[in-house]
Structures are given as structure tokens and as C-alpha cells.
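The block underneath contains the structure these notes are about, expressed in C-alpha cells.
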């Protein structure tokens, strides 16, 4: 019994040894399935651009083109995006290289999350001037609302250099009241 369990376990662990192929997956926009015509167009484009593919197949309404290297995968994506346009989504993918006989018995490779694949590098550029300008506007609105709620008379709240604010009160009594009110709420 133990030997059978070990053999079955090893059999279902085999797909992990085959790794993955860099691939390009092509699907129709808004859930539209890719057709045989699209498959022929993809094959023709790859041949014209002299991009060698391991295989190009229509699988479950999507076209999956497998390649040997990621460089070839990227070249294929650029070529296909320019030919197919907005009608199709052309996405980079990693397709399991599991042999058909293992796939037939539903022996699939283990799904690895981003943490096991090496993570993700994410870079977001922020327009700091715009963000700080909006923050300054929010602070001005907030100060005006707070002063009105507390009944503290002020003349102006205006922007200053380096995203600062300046408040002009009617008199020193109003200024002192605002300072004491701020200290009490902190």
C-alpha cells in the first residue's frame, strides 16, 4: 500500500520537473472567443516576422503560442499587438510544459504564487507637485470649515510658497481663540 501511495505521489509530482514555457495568450475583448481565422492570422504573423514558436494552438477559446525564450516571447507580443489591434488582448504568460500523457490524467504542476516566483517589482510615478497642491487645497477647505464651525472670525486663508498656508484673523483675540481651540482638540 505504501509503495502504491509513493508511486502515485511521484507520478503527480512529475509535472513540476518539466517547468514552463514563455507564452503569449490571445483572447478576444469582452469575453469573445478567438476563432480559427485568428489562429491562422497569428501563425502567419509569426512566420512573416520570422519568430519561431514551439507551438501555436487554439485552446478553450484562447490562442496560446509557446516560445523557447522570453526575448522571443516579447518580440511575438509586439508583432501580434500591432497586427491584432484593439479587438484582442495579447498577454504574456507562462504555460506549463507538461507532456500530454500527464495532462490527460490531470497531473498539473503546482501553482506558485508571486512570493515563490520571486515577487513583483512595482514602480509608480507620482506627480508630487499635483499631489501636494491638492493636499494644500484640502487643508485650506478643512481650515475654513473648522474655523466656521467654531465661530472663529478670520479674514483670509491663502496659499504660501512650498505648499504652506497663511491665515489672517480679524484681531489677536480671534487668533488666540483659534490657537487655544487647536490645542484643546489635540
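Quick notes on this structure:
- Over all orientations, the chain has a Cα convex hull whose mean projected area works out to 21.4 square nanometres.
- Nearest-ten-degree value, helix 70-84 long axis tilted from longest Cα axis of the chain: 80
- Cβ crowding within 10 Å ranks 98, 69 as 69, 98, fewest other Cβ atoms first.
- Label-point separation in nm, residue 37 to residue 148, each point 7 Å along Cα→Cβ: 6.0
- Here 92, 80 are placed in order of increasing Cβ neighbour count within 10 Å, fewest first, which gives 92, 80.
- Between 0 and 90°, nearest 10: helix 36-48 axis offset from the chain longest Cα axis: 90
- Choice from 88, 154, 18 with maximal GNM fluctuation in the chain (Cα, 10 Å cutoff): 154
- Size descriptor for the range 1-103, Kirkwood hydrodynamic radius: 14.9 Å (Cα pairs only, one decimal).
- Nearest 10 degrees, 0 to 90: helix 2-13 Cα axis against the chain principal axis: 70
- Computed lengthening from residue 125 to residue 168, 0.36 nm per intervening residue step minus Cα-Cα distance: 11.9 nm
Read-outs: derived from the displayed coordinates by stated rules, not from any lab. Not measured: the values here are computed from a predicted model. FYI the Cβ positions are ideal-geometry reconstructions off the backbone, even for glycines, and counts take in every protein chain you see.
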